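The values are calculated or read from the model by the stated rules, or taken from the named source; none is laboratory data. Please read all numbers here as calculations on a predicted model, not as lab measurements. Methodologically, a virtual Cβ is constructed for each residue, glycine included, from the backbone with ideal geometry; neighbour enumeration extends over all protein chains shown. Note: areas computed on protein heavy atoms with side chains; ligands, DNA, RNA excluded. Shrake-Rupley method; radii C 1.70, N 1.55, O 1.52, S 1.80 Å.
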Amino acid sequence: VVILGAGFSYAVCRLPLGNLLGQMALDRAFQSAPELFRSSITFSDDYPFEVWLSQLADDQPHLGQIDNGLNAVRFAAVREALVAALREVEAQALVRQPPEWFYRLLTVWHLKQSTLVSFNYDTLIESGVASICLEPGEFLAPDLSAFDALAYAAPVSTAVSPEALFHDQPPLVIPGDGPAGATMRLLKLHGSLGWWWVEGDESGATLAREPVASTFGNPAEYDDHARRALRPGRVPFIIPPLASKSAYYGNPVTRQLWQDAYEALGNADTVALFGYSLPRNDTIVGSMIEGALAHSECAIEVVNPDATSLEQRLRALGVSTPTTAFDDAATCAEEYAENVCARASEELSAKVSPLLAKARTQAEDAAVVRWSRDGQALHTRVIGIEEGAMGALTLVTETAGGAFTTDPGDGPTVRTVIQAIAGARRINARYPDGYESPVVGFDAPHFENPRAHHVLYLIPAGQLRTH
C-alpha cells in the first residue's frame, strides 16, 4: 500500500503544495470577487490554508447569521477557484513528460497490483497509466502450466485502461466496456478533478467519474459545454482541505473508499508514505492509520525530506514499526523508485528461477524478447548475456525496427537464457541506445510447443511508453 500526498504530485510535476495552492486559489477568488476577501492574507505553517478554509466552512459561534452566511459564500468562491487553479497548473504540467522514475513506479505498482491511497485531486496517476502500455499479466508466473496455456504472442497489445484503476468506484458518467485486466487499485479519498456530483447528495447516486482524456504530452482541454450536457447541475467532487471533513462523508461511495483503504492498510506487508506528512490537524487520517497499523508488523517506508518529523508523528500514533527513510530533498523520489524496482526484480528472480529450472525445453533456437512498446509487441533478439556483481544479469538486445522477427538468427539459445536467469538474483535489460532498466515482469509462453516462436516476454520497468 502506498499513501500519496501532495509531495508526490510535487515530485512528479512540481504541482504546488497546500499553502501555495491555497494562495493561488485565494488570489483567483479575490480577482473575481474583491468585495468578499482581504488580499492581505498570507498562508504559512503557522496559519495554514486549511485552517483558514475551515473557519469559512463552519459556522462560527461569535458571528451572527449574516456574517456566517457571507463566510459560506466565500467558501464556495474559494472552492471554485481552487478547482480552476489546479486545472490550470495540471494542464501546464501535462505538457511535459514526467521523470522516468514515475513510469517505473507505475509499472511495478501495476504488476504487483498495489493499492494506492491518494489524498490528491489531480489526475497524474490516471494520465500516467494512459500514457504507457501496461499489459495485463502476472508479476510472477504462477506455475509451469501457464507455459502451455498461453497463445503465441500477438502483435497487438491490450493495454490496461486507466478506468480499471477504480473498480467502478465511483462509476463512469457513461458506462464503458469494463476494466481490462488486473492492475493497481487507486483510492482517491478526497475526490478528484474528474469526479462530479450534485452537492450535498448523501445517497451517492449522482457521484460519477469522467473518462481519462489526458496523457503526458497531450493534455485535454476542459470543456464546460460538454460538462453541462453530460453532467448537468453537477459540480466537481473534491473534499476541501478542512480540519473537519465530516459533512463530505455522508454518501456511501466515499465511506466505501475509506473502508477499502482501511482494510488494505490492515492487510499490507509494506506501507509507504510518499509525500504525505500526516499533519496533526488531519485527525481522520491519523485515526485510520492508528487503527490499521498500531499493532501491525508491516514495514513502514517514508519518502519525505522531513522524514524525522513524520516518524515522530507515527510513533505518537503507536506505529512503532522500524521505518526506511528516503529523505534527501533532491533525490528521495527517484531513490525510492529505484529501490522499489530493484526489489521487484530481485523478488521476480527468486520466484521465477525455480520454475525455469524445471522447464523441460530442449530448444536450441535463438531467444527472442518481446518488448511492449508504442502500443505494439516488438520482437527483438537477445544478442548477449552479461553477468555482473551481486548476481545481476543483463540481457543485451538489438532492435528489430518495428518488424516482427521470424528468423532470430544467431544468438544465445532459449536454453542458455533460461539457465542464466535461473541463477540470477536480479535481471536487467539493455537497449541498443545504452539505456538499462531492471526487469520486473515475466512470462514465457510455449517453451515446449514446437510450432511456437520461442519468446521470452520481459517488462523492463518504465519502458512501456506509448507517448
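Being of a type in the set (S, T, Y) and in a strand (DSSP E or B), is that true of even one residue in the range 240-250? Checked against the condition, which is being of a type in the set (S, T, Y) and in a strand (DSSP E or B), the range 240-250 yields no hits at all.
Which residue is surrounded by the fewest Cβ atoms within 10 Å (Cβ to Cβ), if the candidates are limited to the range 187-206 and must be among the small types (G, A, S) and within 26 Å of the chain's Cα centre (by Cα)?
Start the filter on the range 187-206 by keeping residues that are among the small types (G, A, S), which leaves 191-192, 194, 200, 203-205.
Next, from what is left, pick out any that are within 26 Å of the chain's Cα centre (by Cα): 191-192, 194, 204.
Values: G191: 23, S192: 23, G194: 23, G204: 17.
So, considering only residues that are among the small types (G, A, S) and within 26 Å of the chain's Cα centre (by Cα), the one surrounded by the fewest Cβ atoms within 10 Å (Cβ to Cβ) is G204.
Using the structure shown, decide if V73 is in contact with a strand residue (DSSP E or B) (Cβ under 6 Å, 6 or more places away or on another chain), in a helix (DSSP H, G or I), of a type in the set (A, V, I, L, M, F, W, C) and at pLDDT 85 or above. No; evaluated as a whole, the condition is false for this residue.
Does A205 qualify as being among the aliphatic types (A, V, I, L, M), outside any loop (DSSP other than H, G, I, E, B), without any contact (Cβ under 8 Å) to a residue 12 or more places away in the chain and over 27 Å from L134 (Cα atoms)? So that I can check it myself, show each step before the final result.
Values: among the aliphatic types (A, V, I, L, M): yes; outside any loop (DSSP other than H, G, I, E, B): no; without any contact (Cβ under 8 Å) to a residue 12 or more places away in the chain: yes; over 27 Å from L134 (Cα atoms): yes.
So A205 does not fit the description; no.
Exactly one residue among T254, T270 is touching a residue at least 40 places away in the same chain (Cβ under 8 Å) and open to solvent by 20 Å² or more (accessible area, probe 1.4 Å), and that residue is T270. In the range 207-229 there is at least one residue matching the filter, namely being surrounded by 13 or more Cβ atoms within 10 Å (Cβ to Cβ), modelled with pLDDT under 90 and over 24 Å from A6 (Cα atoms).
Which of the strands (runs of 3 or more DSSP E) found entirely inside the range 352-446 contain at least 1 residues meeting this: in contact with a strand residue (DSSP E or B) (Cβ under 8 Å, 6 or more places away or on another chain) and either at pLDDT 80 or above or surrounded by fewer than 16 Cβ atoms within 10 Å (Cβ to Cβ) (or both)? Reasoning before the result, please.
Numbers: elements: 368-373, 376-387, 392-397, 426-430, 436-443.
Because the criterion is at least 1 residues that are in contact with a strand residue (DSSP E or B) (Cβ under 8 Å, 6 or more places away or on another chain) and either at pLDDT 80 or above or surrounded by fewer than 16 Cβ atoms within 10 Å (Cβ to Cβ) (or both), the strands (runs of 3 or more DSSP E) in the range 352-446 that meet it are 376-387, 392-397, 426-430, 436-443.
Scanning the range 55-81 for residues that are open to solvent by 70 Å² or more (accessible area, probe 1.4 Å) and without any contact (Cβ under 8 Å) to a residue 40 or more places away in the chain gives Q55, D59, P61, H62, Q65, I66, D67, V73.
For the structure I just gave you, tell me whether D177 is acidic (D, E) and modelled with pLDDT under 60.
Details: acidic (D, E): yes; modelled with pLDDT under 60: yes.
The answer is yes for D177.
Checked against the criterion of being at pLDDT 90 or above, within 19 Å of the chain's Cα centre (by Cα) and not basic (K, R), the range 283-300 has at least one qualifying residue.
Could you go through the range 233-244 and let me know if any residue there is surrounded by 14 or more Cβ atoms within 10 Å (Cβ to Cβ), among the small types (G, A, S) and under 19 Å from the mean Cα position of the chain (by Cα). Show your work before the answer.
In the first step, residues of the range 233-244 are kept if they are surrounded by 14 or more Cβ atoms within 10 Å (Cβ to Cβ); the result is 234-243.
If we keep only those that are among the small types (G, A, S) too, we end up with 243.
Subset that is under 19 Å from the mean Cα position of the chain (by Cα): none.
No: the range 233-244 contains no residue that is surrounded by 14 or more Cβ atoms within 10 Å (Cβ to Cβ), among the small types (G, A, S) and under 19 Å from the mean Cα position of the chain (by Cα).
Is it fair to say Q31 is open to solvent by 40 Å² or more (accessible area, probe 1.4 Å), among the polar types (S, T, N, Q) and assigned to a helix (DSSP H, G or I)? Yes; evaluated as a whole, the condition is true for this residue.
Just for the range 86-134: of the residues that are touching a His at 6+ places or on another chain (Cβ under 9 Å) and assigned to a loop (DSSP other than H, G, I, E, B), which one is modelled with the lowest pLDDT? I'd like the intermediate steps shown before the answer.
We begin by selecting, within the range 86-134, every residue touching a His at 6+ places or on another chain (Cβ under 9 Å); these are 97, 118-121, 129-132, 134.
With the extra rule that they be assigned to a loop (DSSP other than H, G, I, E, B), the set shrinks to 97, 119-121, 134.
Numbers: Q97: 90, F119: 94, N120: 94, Y121: 93, L134: 76.
That would be L134.
Taking the range 120-134 as the range and being among the polar types (S, T, N, Q) and open to solvent by 10 Å² or more (accessible area, probe 1.4 Å) as the test, the residues that pass are N120, T123. V285 - would you say it is touching a Cys at 6+ places or on another chain (Cβ under 9 Å), buried (at least 17 other Cβ atoms within 10 Å of the Cβ) and at negative phi? No, not satisfied.
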